[in-house]
Every structure is written in C-alpha cells, then in structure tokens.
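I have placed the structure first, in the form of structure tokens, so that the comments after it can refer back to it.
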Amino acid sequence: MSRLHAVVLVLGDVGRSPRMQNHACCLAEQGGYDVDLVGMHGTEPRQAIQQHPHIKLWRIHPSFVENIRSRIPPSLYVFYAALKVLQQIFQLLFTLLFKLERPEFVLVQNPPCIPTFVVAQVVCWLRSAKLVIDWHNYGYSIMALSMGPTHRLVRCAKWYEQTFSKGAAAHFCVSQAMQSDLLRNWGIRATVLYDRPPEHFKPTILSEQHKLFMRLGRSMDMLSFYWGAVTTGESVLSRVTIKSSFREQSGQDELWGVLDCSSLSKADQNGIDSEHTYFTYLELNRQDESANARTASTDFARLPFYLCLVEERPVLIISSTSWTADEDFGVLLSAIEKCEDLARIFEAVNRSEKANKSMIADVEGDQITTDLSGELDSDLVDDDDDEEDTDGLFPPLLFIITGKGPQKESYERQIRLRQEKWEHAKVLTMWLEAEDYPKILGSADLGVCLHTSSSGLDLPMKVVDMFGCGLPVCAVDYPCLKELVQDGINGYTFKTSDQLGKQLFELCCGFPGDRSQLQALRKHVDRFRQTRWVDEWQRAAKPVFSCIKDGTDSRVNDPKIHTGTTVKRKVK
C-alpha cells in the first residue's frame, strides 16, 4: 500500500526548528506518511532527519534581497521587506506547486506567518489539501517588540494573522494559555500539543562527557588564562592518540582514535598514562592492586581506563539563546555580578571564622606542641600545611552560552569587559552541532533560561530540552511559565537579576560536595522526562491527523468533541 504525502513547512532555518523536525519524524514513523520538510537553507538538521527514508528535505535558498540587506538604508526598509516577501512567495509557490507531490495536508509553523499563511491557503486550494497551523507564538507580537504595539504595520500584521488563519482545518498550540487566548479573541479552537523532549535528549554518560569536553578543548583553552592550565606540560593543547578501548556499562567497546585534547597526557613507552579536562579525568589502569581497587569502586568494572569526574571541577551552567530582543542577556550578566558579590562575602566570613578558630587553637595547643615536638616526625607535622585548603571557598562557575543571533557580537563585547573583574565566574559563547547540543545539556549542572515571550503565551523549548537531559533550570517568570516550571520543585523562577544571582549562589555554594538542592530539583525533573515527544504527539496530534486522513477533519473544530487539550473522534 502506497504511503500518503504530507508537507511540513518552516519559513525559517529548518535546522533550528526542533518542534517541526519532531513533527516530521512522527508523521513519518507513527503517522505512516512520506514527509516533505520544506525550510530555509541554514543549519543542518539532525542526522535522524537527513537519513530518514520517508523524509525528504527541501531547502529554499536565501533570496538575492537578503544579500543586499546591509546596503539598504533604514528609510527604505519597507521597500526591502515588500521585495523580500514577493521573492519568498515566488519561491514557496514554485516549490509547493511544481516540485512536490500532492499532499494530504500542509503543516505550517507560526511564526512567521508572512507570507506562509496566504501561500499555504492558495496551495491547499489548488491541490485539494488541508491546512494545519502549529502556533508557537503570535507573529505580530514579535514585530511589536521593535516597532511598538500601536505601529501601523503591527496592526496590519495582526489583522493578516487573524484573517488568514481561520481557513485552517486544524490548529495546534504550545500552551493552555495560548489555547484560551486563541478561542477567546479569535474564535479559533486549538489542540494543546506540549513540547516534550525527543529520546536523544537524556543525561550524558561519563565517557561521552569526556569525549565532548576533549572536542571542545580549543574553546575552553582560554580558561587557562583565568584558572590556570589543566596540564603541567609545555602545551595546553596536545594531539593524543588513544589506542585502547574501554567498556561502558552497556558492555559495548569503543575505539577512541585521535582527539584534540584540552589537556596534556603523560606519555610513556606503552602509550598514554592520563589526560584530563576541567571536568573529567582519564587514567590508564595499570592492573596493579591500587588501580584495581579504584576501578572496582566505580561503575566500570575491569576497564583499561579509570574515568572519573574532577573533584574540584567548576559548576557547569548552560544557557541557550537566539540573541534576540525577547531575551535580555544583560540580566544574566548582572546576576553573575550579584553572585560574585555574595561569594566574596561568603569567603570573607569563612576566612574570619577560620582565623579566630586558629588563634584559639594556637593558644590552647602551644604547650602540647612544645611537649610533643621532639617525639613527632617533622614531615607529619608540616604535611597539612603543604596542602591548599579549599574549605570555605566558593566554587568556580563556567557559563556556556550556545546559539546564534543578531545581538551576539554586542553581548560578547560586554562579556569580555565585565568578566575581567570576576573572580569565580567565566562565560564562553559557542555554537554546537545538533548532535553535541543534547550532550552538553546532559553534562551540565544547571540551566538558565532568559526567554520572556513576546506574547506571554508560549513556553520556552530550551527548558524542555534541559528537562529532557535531567537538568534543573532557573527561568524568567511570566504568567504561563507555571505550565512548565514549578518554582522550587523542578527549578526556580525569577523576575530580577538580583533574584537570579541569589539563586545561583545558593544552588552552587558547597559544590560539588553539597549538591542537595540540585539533586532535589533533579528528582522532579526526572518525572517530567518520563513523557517524551512521541508520547505527547500520539496523545494529542495523532487523533487530529487521523481525522484529516479519514476525511472527517470538519470534526476537529467541533466544540462537542473538543475536550480540554485533546480531540476525540466520534464513535459510529
């Protein structure tokens, strides 16, 4: 039996549209469709999309108008925007009408809705297909961030979005708050399809963490300027060949091959002896008694390598951003400075208490020390003085900020200037490949989300990704965020930079020895992880697409069968 066709349309970088990629996978695997995924040329989607036998990727290349954008003066922006829209209309119509087979339906992401709504309506009418809209947010509300809500273009965009969305056969949205708003203000009945993490978003096993940090070694090498190199050799960066393999808990062997290391390995005639990053330590097991004892105490029995986390590692804090106006990154920078102030006070108080205790001990112990000094070995008396006392010190914090966007360079300049004064925290910005992004989340200790929502009705996908990897978050609070983040249960919410700074201090103080607060949050995050995207899609989306497939899509918007966040089919 031949498979039906479906189109998933993203007028944006398809590689940066995880929800629509998830839709495409479920339509192909659970829905039984051949899927044409149409999107703008840019970031590569994940390998599961590129290699899927029933998903075909169609790239729309940027128009010539995009290439001349920087040379167009602000006074001609309206002319530029109109020209860009006309170009996109032509590209979309040519692709959807002449390149693709006739689909049963076209699933469109919103925003953006200009010109996708009107183009999709025309294509569906000409090809006897149905239109389905997935509401991530309101497009006009994003325009209002830069133009203001009363601007003429914003009002026109709102009218366009409302008018051309009502012809759709079905609607999805990302929150109950948006569902209520669509029904109350525009008369649109939508099915809530919550974002949930796909299966590859999960905690990262230790061996994968080590390989990831080795690959990121060149990006992290700059930290040696602040914290000192992680190596004692001539070069912080070494090219090391690991010829042995080791067995993970799964029992599978892996050959590590040649890696770019952020550490120097102590070499001998048989190969490497050890290597370490700021977070992980790998040691060759010599099979002597001490090595065997260490290996037996880990989860890796009888390994050629002994692998562990560095005891005094930094707290790894992750934030993902698109560097746009709806995320004020300055809030995080100010919060770090607040945390630095609290850390300095914390260390000063501890030093003062230790000094007082030391004076008391010196007075009480002078006589005892004098009496016993002749009997004790001098090396034992001085042994503790040679070790650096790290008790009472606030741990180092490493913030890794991932993503691309228009304001990235501006904030990077601010970061370089401000972090010169910081003693404990450092910030790195980087772009990660699709396969490495979930691994860095699964290796982190805490996540930070600065998404504020232009409409106040959408939920941040980045928090869903973090929860999928078992990572608790601190997130900017707004009305509907409670549908995802419960303050003090699976994360913390904040409204000001001072609140975030205090949360960072309290969660990280005592790390890594005292992680009780982080562990308590992780327990509730693990409950969230039990429901995956496929489960949510089958619950909420599959019944809707089944109605369309059976030719009963008129029932999708029937208030008698639209109950809560699901769509139920009538029983004949």
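Inside the range 306-358, can you point out the residues that are open to solvent by 40 Å² or more (accessible area, probe 1.4 Å), of a type in the set (D, E, K, R), part of a helix (DSSP H, G or I) and at pLDDT 85 or above?
Result: 337, 338, 341, 344.
Give, as residue ranges, the helices (runs of 4 or more DSSP H) completely inside the range 152-221 that count at least 1 residues that are within 30 Å of residue 311 (Cβ to Cβ).
Those helices (runs of 4 or more DSSP H) span 206-215, 217-220.
Pick from 410, 443: which is open to solvent by 40 Å² or more (accessible area, probe 1.4 Å) and hydroxyl-bearing (Ser, Thr, Tyr)?
Only one candidate passes the filter, namely 410.
Okay, residues lined up against (1) in contact with a Cys (Cβ under 8 Å, 6 or more places away or on another chain); (2) without any contact (Cβ under 8 Å) to a residue 24 or more places away in the chain:
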site: 165; (1), (2): yes, no
site: 168; (1), (2): no, no
site: 173; (1), (2): no, no
site: 176; (1), (2): yes, no
site: 182; (1), (2): yes, no
site: 185; (1), (2): no, yes
site: 192; (1), (2): yes, no
site: 199; (1), (2): no, no
site: 202; (1), (2): yes, no
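For residues in the range 17-52 being closer than 21 Å to residue 139 by Cα and touching a residue at least 40 places away in the same chain (Cβ under 8 Å), which is most open to solvent (accessible area, probe 1.4 Å)?
18
Of the conditions (1) open to solvent by 30 Å² or more (accessible area, probe 1.4 Å); (2) in a helix (DSSP H, G or I), residue 513 satisfies every one except a single condition; which number is it?
Answer for residue 513: the failing condition is (2).
Please state which of the following conditions residue 519 fails to meet, knowing it meets all the rest: (1) closer than 27 Å to residue 280 by Cα; (2) open to solvent by less than 50 Å² (accessible area, probe 1.4 Å).
(2)
Working carefully through the options 468, 501, find the one that is of a type in the set (Gly, Ala, Ser), open to solvent by less than 10 Å² (accessible area, probe 1.4 Å) and under 23 Å from residue 340 (Cβ atoms).
Only one candidate qualifies: 501.
Six or more apart or on different chains, Cβ under 8 Å: which pairs go from a residue in the range 519-530 that's touching a residue at least 40 places away in the same chain (Cβ under 8 Å) and aliphatic (A, V, I, L, M) to one that's open to solvent by 70 Å² or more (accessible area, probe 1.4 Å) and assigned to a loop (DSSP other than H, G, I, E, B)? Could you list them?
Short answer, once both residue conditions are applied: 521/489.
Just to verify a result, which residue in the range 416-436, among those that are touching a helix residue (DSSP H, G or I) at 6+ places or on another chain (Cβ under 7 Å) and of a type in the set (A, V, I, L, M), is farthest from residue 350 (Cα to Cα)?
434
Within the range 480-498, count every residue that is surrounded by fewer than 19 Cβ atoms within 10 Å (Cβ to Cβ) and in contact with a Gly (Cβ under 6 Å, 6 or more places away or on another chain).
Total meeting the criteria: 0.
Which residue pairs have Cβ atoms closer than 6 Å, lie 6 or more positions apart in sequence or on different chains, and pair a first residue in the range 1-15 that is under 22 Å from residue 405 (Cα atoms) with a second residue that is open to solvent by less than 20 Å² (accessible area, probe 1.4 Å) and not in a strand (DSSP E or B)?
Correct list of pairs: 10/17; 10/20; 11/116; 14/45; 15/45.
The values are calculated or read from the model by the stated rules, or taken from the named source; none is laboratory data. Since this is a predicted model, take the numbers as computed values, not measurements. A quick note on method: Cβ atoms are made from the backbone with ideal geometry, for glycine too, and the neighbour counts reach across all protein chains shown. When the accessible area is computed, the model is the full protein with side chains, heavy atoms only, and any ligands, DNA or RNA have been set aside. Shrake-Rupley method; radii C 1.70, N 1.55, O 1.52, S 1.80 Å.
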